[in-house]
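Presented below is the structure to which this report refers.
Quick note: the coordinates plus some simple rules give every number you see, no bench work behind them. Because the structure is predicted, anything quoted here is derived from the model rather than measured. Positions of Cβ are backbone-derived with ideal geometry, glycine not excepted, and every protein chain shown enters the neighbour counts.
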Amino acid sequence: MQKLIIANWKMNGTVQDAIKWIAELQKRLDSILPSEVVVAPPFTALYSAQVILQETPFKLAGQNMHWESTGAFTGEVSPLFLKEAGCQYVILGHSERRSIFGETDEGINKKIITAMTLDLIPIFCIGETEMERQEGQMGFILENQIRKGLKGLHIHDISDLVIAYEPIWAIGTGLTATPSQIEETHGYIRNFLEKFYDAPMARKIRILYGGSVNENNAGVILKIKNVDGLLVGGASLDAQKFAKIVKSG
Ligand code: PGA
């Protein structure tokens, strides 16, 4: 399976920054990429990014969306707008959306269903807190997030799905999970998907790791069993570092 490497800029980057970043990335990577590369700039930079990305193998993702396509939802972004701006992917259920903006498993589930219906591939984020891990709750938390997030979806609907495992304690902290923690957790998620759904189909679901990935640890993480790619935050803002991460795949 080709690895998938995603740059999640969060609330960083102007249109000008996006234009410069893409040019810089193109300069540093060959046209034949070892991995599928996706960038998720802020909404306001998506359209300009799309115009330049047309000449490149890179793809676009939104960082969030609403579960409805149109309507009286002031300040929200429709999945149709993401599609118009050239997105093939959308990040859903990021822990910052859950903890800062109060997103629930139920709301995330509605978003995943809408995204699937409209042919946007969800990058569905799950992860446990440090305390949940210490208390031995990790498996329960992750299973619960998956069950609720994917409620009502049939395995055939979700074989395209991307799951991003991002331990909350590792996001933006410099505390990357150790290779053995990553291997154990990704194996756990894969087994759960195989048990909960149909095993061959569940094997097609890409499981990414995220949380303090950088140009120095990416190579090791990408070699771990059941790691199908990376969701990179802070280190993706620098095109030079992100190019190194992509090259390590
Ligand atoms: P980080 O963020 O790489 O800065 O830890 C990852 C993410 O939140 O997607």
Can you tell which of ASP238, ASP160 is more than 14 Å from the ligand (Cβ to nearest atom) and surrounded by fewer than 20 Cβ atoms within 10 Å (Cβ to Cβ)? ASP160
Just to be sure before I move on: is ARG206 away from the ligand (no atom under 16 Å from the Cβ), surrounded by 15 or more Cβ atoms within 10 Å (Cβ to Cβ) and farther than 23 Å from GLN134 by Cβ in the structure I sent? no
Is there a residue in the range 20-38 that is in contact with a helix residue (DSSP H, G or I) (Cβ under 7 Å, 6 or more places away or on another chain), of a type in the set (Lys, Arg) and more than 25 Å from PHE101 (Cα to Cα)? yes
Go through (1) small (Gly, Ala, Ser); (2) away from the ligand (no atom under 16 Å from the Cβ); (3) within 24 Å of LYS3 (Cβ to Cβ) for ALA177 and report which single condition fails. (2)
The range 81-105: number of residues that are within 16 Å of the ligand (Cβ to nearest atom) and surrounded by fewer than 18 Cβ atoms within 10 Å (Cβ to Cβ): 3
Give me the pairs: first residue in the range 32-56 and within 16 Å of SER236 (Cβ to Cβ), second residue hydroxyl-bearing (Ser, Thr, Tyr) and surrounded by 18 or more Cβ atoms within 10 Å (Cβ to Cβ), beta-carbon distance under 8 Å, and six or more apart or on different chains, which are they? VAL38/TYR89; VAL39/SER236; ALA40/TYR89
Which numbered condition THR185 misses (of (1) within 21 Å of VAL246 (Cα to Cα); (2) within 16 Å of the ligand (Cβ to nearest atom)): (1)
